[in-house]
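A.B. asks: Quick one: this structure, given as structure tokens, is what I'll be asking you about.
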Amino acid sequence: MAQITCVVVFANGTPCTRAPYRGSKWCSACYTWTRRHGWADPNGRTPQRPKNTVLPFLKAAAQATTDECVDLTGWAGRPVVLLDGKSMWASRAVWILAHGNPGDQHVLHSCHRGDEGCVNIRHLRLGDDADNHQDRVAAGRSFVRIPRARAPRPARPGIRCNIIERGRRCDEHHPTEGMCNKHRRREELYGDPLIRSTRDLLTAGTAADTDECVMLPARYGRPTVRLDGVGMTASRAVWLLVHGDPGDQYVLHTCHRGQEGCINVRHLYLGTQQQNVADAVNAGRHAHGERNGHAKLTAKQVQRIRERSGTVTQDALAAEFGISRQAIAHVLHGRTWSGTQGPVAKVSARGERIAVAKLDEAAVRSIRSRYVRGSRWHNRGNRAALAEEYGVTERTIMDVVRSNTWGWLSSEEAQGHTTT
């Protein structure tokens with residue numbers, strides 16, 4: 001029985017002698033090459049091209065004498081071959097066989113058919129990255145969009161910019177009447193369509209010959225500009241243009257109107273951080289009172305607290321307004337909210353001036369003089385009798401005797417009893 005072999009016949013006429021794969025008509029190697037490369041033989045099949053047939057073809061292309069393209073068929077796209085164990089483009093392999101290693105340069109095609117398999121040595125040349133890119137653009141293979149030259153848009157009749165700059169009318173087209181986009185943008189930035197740059201904007205401040213404030217137009221709050229690529233306040237830019245770099249010092253205003261946009265160089269002077277803070281306080285720009293972000297009271301609440309001092313305890317006021325007793329004490333004594341109206345207690349309330357005091361100075365002196373010194377159990381009846389007589393607790397009697405309360409009285413009158 002004759003042995004069954006693969007039906008593939010290679011391009012050089014040699015038949016494949018491998019056994020078919022699982023009852024098919026061709027072997028596994030021919031089938032795999034077919035799926036990878038997709039090139040067919042005259043029989044309509046896709047055989048594997050032996051290596052010993054590619055190298056002779058490349059050597060022949062390296063010695064080509066015709067100006068027509070010599071195509072290496074059998075590859076889908078630009079052919080890749082192995083030369084001395086290295087994978088490379090077929091055109092680069094032909095150049096190496098003809099002229100040697102091209103190094104870092106690219107092998108280009110004058111026929112622009114490198115992707116189709118042309119390996120004719122007469123169509124090859126060397127070039128750098130820029131030449132390779134130009135070659136791709138000329139062949140239509142570049143992804144870079146080449147802008148097309150467009151004719152200028154004709155201006156609509158009757159809609160022209162009416163701004164006169166440097167003695168000439170602008171006459172640029174604009175979709176709305178009045179001015180073009182360029183001058184409208186200048187008006188939005190600088191307040192004047194004729195101002196062309198930041199230096200032009202600051203000219204009025206640098207060359208001021210009046211003592212009145214020179215304000216920047218079209219600005220809200222303290223104006224900022226960019227000078228030589230650096231962002232800064234407009235007043236600092238004016239100082240830099242006139243006197244040079246101020247360094248770490250601050251540019252302050254004698255008119256206290258820097259927040260409104262004054263850039264008159266006559267109103268500017270240099271100062272430290274401390275002077276800057278003092279300048280802000282004098283101008284009323286510092287965060288105080290209700291303007292402080294951490295403030296828990298208002299001016300009306302502070303006034304109510306001071307009016308009710310002496311009639312309500314500080315603990316009751318702290319619970320009513322939701323702050324600490326120490327904060328109430330600071331408000332009452334003027335350590336905080338000093339600029340708010342209302343009576344400020346200069347001296348701490350003590351003794352009879354305390355609204356909840358149950359004893360007076362005479363009663364305290366009487367208690368201290370009548371208290372019988374002795375052991376804790378010996379004078380218990382005396383302490384209880386004094387507490388019942390004056391309508392207080394025994395603990396209050398002991399605090400008076402030991403000077404825990406009413407301690408500001410003279411030491412001769414206070415016994416300072418400490419026995420247990």
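A.B. asks: For the subset of segment 133-165 comprising residues that are basic (Lys, Arg), part of a loop (DSSP other than H, G, I, E, B) and at pLDDT 60 or above, which member is surrounded by the most Cβ atoms within 10 Å (Cβ to Cβ)?
C.D. replies: 141
A.B. asks: Find the residue count for segment 215-239, including only residues that are modelled with pLDDT under 80, touching a Gly at 6+ places or on another chain (Cβ under 7 Å) and not basic (Lys, Arg).
C.D. replies: So the count comes out to 3.
A.B. asks: The conditions are (1) loosely packed, with under 13 Cβ neighbours inside 10 Å; (2) aliphatic (A, V, I, L, M); (3) in contact (Cβ under 8 Å) with a residue 60 or more places away in the chain, and residue 230 fails exactly one of them. Which is it?
C.D. replies: Just one mismatch for residue 230, condition (3).
A.B. asks: Related question: When segment 271-310 is examined, which residues are found to be over 24 Å from residue 336 (Cα atoms) and either more than 31 Å from the chain's Cα centre (by Cα) or exposed (fewer than 15 other Cβ atoms within 10 Å of the Cβ) (or both)?
C.D. replies: Listed by number, the list holds a single entry, 272.
Residue by residue, here is whether (1) in contact with an Asp or Glu (Cβ under 8 Å, 6 or more places away or on another chain); (2) of a type in the set (A, V, I, L, M, F, W, C) holds:
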residue: 92; (1), (2): no, no
residue: 96; (1), (2): no, yes
residue: 100; (1), (2): no, no
residue: 105; (1), (2): yes, no
residue: 108; (1), (2): yes, yes
residue: 111; (1), (2): no, yes
residue: 118; (1), (2): yes, yes
residue: 121; (1), (2): no, yes
residue: 126; (1), (2): no, yes
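A.B. asks: In segment 81-88, is there at least one residue being more than 25 Å from residue 142 (Cβ to Cβ) and part of a loop (DSSP other than H, G, I, E, B)?
C.D. replies: The answer is yes; a qualifying residue exists.
A.B. asks: Can you tell me which condition residue 70 does not meet? The list is (1) open to solvent by 50 Å² or more (accessible area, probe 1.4 Å); (2) modelled with pLDDT of 80 or more, and all the others hold.
C.D. replies: Residue 70 satisfies all of (1) open to solvent by 50 Å² or more (accessible area, probe 1.4 Å); (2) modelled with pLDDT of 80 or more except (1).
A.B. asks: Applying the selection to segment 246-268, what residues are outside any loop (DSSP other than H, G, I, E, B) and surrounded by 15 or more Cβ atoms within 10 Å (Cβ to Cβ)?
C.D. replies: Selection gives 250, 251, 252, 253, 258, 260, 262, 265, 266, 267, 268.
A.B. asks: Turning to a different aspect of this structure: Restricting the search to segment 103-132, which residues are open to solvent by less than 50 Å² (accessible area, probe 1.4 Å), among the hydrophobic types (A, V, I, L, M, F, W, C) and assigned to a strand (DSSP E or B)?
C.D. replies: Within segment 103-132, 107, 108, 118, 124 qualify.
A.B. asks: Residues in segment 92-102: is at least one within 49 Å of the chain's Cα centre (by Cα) and exposed (fewer than 14 other Cβ atoms within 10 Å of the Cβ)?
C.D. replies: Within segment 92-102, none of the residues are within 49 Å of the chain's Cα centre (by Cα) and exposed (fewer than 14 other Cβ atoms within 10 Å of the Cβ).
The values are calculated or read from the model by the stated rules, or taken from the named source; none is laboratory data. Quantities reported herein were computed from a predicted structural model and do not represent experimental measurements. Reconstructed Cβ throughout: ideal geometry from the backbone, glycine too, with neighbour counts over all protein chains shown. Just the protein is used for accessible areas: all its heavy atoms, side chains included, with ligands, DNA and RNA removed. Shrake-Rupley method; radii C 1.70, N 1.55, O 1.52, S 1.80 Å.
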